[in-house]
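The values are calculated or read from the model by the stated rules, or taken from the named source; none is laboratory data. Just so it is clear, the structure is predicted and the values come from calculations on it, not from any experiment. Note: ideal-geometry Cβ built from the backbone for every residue, glycine included; neighbour counts use all protein chains shown.
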Amino acid sequence: MIVLGIETSCDECAASCVKDGRAIISNVVSSQVELHKKYGGVVPEIAARAHVEAIIPVVDSAITGIKPDAVAVTVGPGLVGSLLVGVSAAKALAWGWGVPLIPVNHIEAHILAPACEGNLPPFPFIALVVSGGHTLLALVRDSDQMEIIGSTCDDALGEAYDKVAKFLGLGYPGGPVIEKVSEEGDANAIPFPRAMMKSPDYNFSFSGLKTAVIRFVEKNGLLGNREAVKDVAASFQMAALEVVVSKTVRAAMEFRLNSVVVGGGVACNRTLRSLLLKDCERAGLRVVFASPMLCTDNAAMVAAAGYMRFLKGYRAGFDLDVYPSLKVGENREREV
Ligand code: KG4
Ligand code: ZN
């Protein structure tokens with residue numbers, strides 16, 4: 001069974017065909033990153049308009065020579081105008097082809113992304129989602145039974161990377177650029193706070209860390225000092241990632257689960273990958289990362305998640321709406 005996935009929740013316009021939820025046939029992503037660069041973040045109205053222009057060519061190149069058996073689409077969370085473009089396109093295609101329409105939660109798709117590479121561990125497992133809009137730990141009992149056990153109290157991790165990079169004058173998006181300059185910096189140079197490291201819950205906070213970075217740089221007059229900024233970036237990254245890694249491993253141990261799945265744009269980060277690999281190995285846990293192109297926003301993960309939903313009987317009607325604040329584990333669609 002071939003599922004066409006459509007993803008337009010933020011600033012990537014993407015379409016992908018995946019066979020049986022595990023073999024990628026096509027995977028097209030049109031990024032708007034250049035459009036938003038000068039604003040240092042995604043501008044919702046610009047994003048929605050760019051999706052309108054991109055959606056037909058993107059879908060066209062994903063379905064060349066293929067007739068999908070179902071259409072899966074991200075219905076939330078995300079930007080309302082952007083989501084509406086993908087959902088409208090998905091409805092039109094499903095209606096035209098006479099195939100089922102399957103709604104997908106964007107965060108749940110990040111969690112299920114390793115399925116596209118035949119790499120999803122058996123349920124249950126702990127999932128860590130670290131992206132530009134979300135940072136959370138979830139207990140994943142099944143593809144449609146997920147429960148948030150902890151999340152950020154303020155900024156998402158990717159958002160903290162983006163804000164710190166913007167302040168340091170490193171550009172946008174911040175994650176890849178902070179990762180790059182950190183390679184030449186000393187991660188132990190500045191002891192930035194490890195917020196909520198010792199709290200007994202699974203929540204996170206990154207906004208105090210961001211403020212600590214800004215204060216440190218201003219107090220020491222380091223803005224524009226390229227050498228010093230490398231140490232600041234590396235120390236910021238280590239302070240944020242150590243908390244994330246420690247709480248993720250603790251969650252898996254306390255829930256007595258032996259696998260951890262990591263998704264979302266920040267999961268591309270090589271320091272996060274190596275810290276988690278090391279600590280999970282020490283704790284006897286298996287840790288799974290999708291490859292980087294499946295960690296950032298894409299539609300293959302939506303097609304794979306849609307396939308799993310299809311098998312469980314989920315379908316949407318053509319009155320399907322968008323849900324900008326959809327939470328993990330919120331199953332809004334109709335079951336047949
Ligand atoms: O999942 P994603 O593509 O979009 C959202 O759903 O938010 O994540 C984008 C976020 C951005 O904040 C970006 O700075 C961050 O992921 N990111 C990274 C890396 N690559 C992307 N953060 C740290 N290290 C990276 N290599
Ligand atoms: Zn995402």
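Yes/no per residue for (1) closer than 25 Å to Val42 by Cβ; (2) out of contact with any helix residue (DSSP H, G or I) (no Cβ under 9 Å at 6 or more places or on another chain); (3) of a type in the set (A, V, I, L, M):
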site	(1), (2), (3)
Leu222	no, no, yes
Val261	no, no, yes
Ser274	no, yes, no
Leu294	yes, no, yes
Ala299	yes, no, yes
Gly317	no, yes, no
Val328	yes, no, yes
> Hey, among the residues in the range 174-202 that are under 19 Å from Leu223 (Cα atoms) and within 16 Å of ligand 2 (Cβ to nearest atom), which one's farthest from the chain's Cα centre (by Cα)?
Replying inline: Gly174
>> Against the condition within 16 Å of ligand 1 (Cβ to nearest atom) and not assigned by TED's automatic domain parsing to the domain that holds Ser26, how does Val302 come out, does it pass?
In response: no
> Applying the selection to the range 99-152, what residues are acidic (Asp, Glu) and farther than 21 Å from Asp201 by Cα?
Replying inline: Glu108, Glu117, Asp142, Asp144
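Is it true that Leu223 is part of a loop (DSSP other than H, G, I, E, B), closer than 24 Å to Pro114 by Cβ and either touching a Ser or Thr at 6+ places or on another chain (Cβ under 6 Å) or touching a residue at least 24 places away in the same chain (Cβ under 8 Å) (or both)? Explain how you work it out, then say what you get.
Working: part of a loop (DSSP other than H, G, I, E, B): yes; closer than 24 Å to Pro114 by Cβ: no; either touching a Ser or Thr at 6+ places or on another chain (Cβ under 6 Å) or touching a residue at least 24 places away in the same chain (Cβ under 8 Å) (or both): yes.
No: the conditions fail for Leu223.
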>> Can you tell me which of (1) out of contact with any strand residue (DSSP E or B) (no Cβ under 7 Å at 6 or more places or on another chain); (2) closer than 16 Å to Asp279 by Cβ; (3) hydrophobic (A, V, I, L, M, F, W, C) is the one Val244 doesn't meet?
In response: (1)
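Does the range 302-309 contain any residue that is over 12 Å from Glu108 (Cα atoms) and either surrounded by fewer than 15 Cβ atoms within 10 Å (Cβ to Cβ) or of a type in the set (A, V, I, L, M) (or both)? Explain how you work it out, then say what you get.
Taking the range 302-309 as the starting set, the residues that turn out to be over 12 Å from Glu108 (Cα atoms) are 307.
Pick out the ones that are also either surrounded by fewer than 15 Cβ atoms within 10 Å (Cβ to Cβ) or of a type in the set (A, V, I, L, M) (or both) and you get none.
No - not one qualifying residue is present in the range 302-309.
Show me the helices (runs of 4 or more DSSP H) entirely contained within the range 29-140 in which 1 or more residues are polar (S, T, N, Q), closer than 21 Å to Gly306 by Cα and more than 13 Å from ligand 2 (Cβ to nearest atom).
Values: elements: 33-37, 44-63, 80-97, 106-112.
Once the helices (runs of 4 or more DSSP H) in the range 29-140 are filtered for at least 1 residues that are polar (S, T, N, Q), closer than 21 Å to Gly306 by Cα and more than 13 Å from ligand 2 (Cβ to nearest atom), what remains is 44-63, 80-97.
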>> Conditions first: (1) within 16 Å of ligand 2 (Cβ to nearest atom); (2) modelled with pLDDT of 95 or more; (3) within 26 Å of Ser143 (Cβ to Cβ). Lys19 passes all but one, so which condition is the exception?
In response: (1)
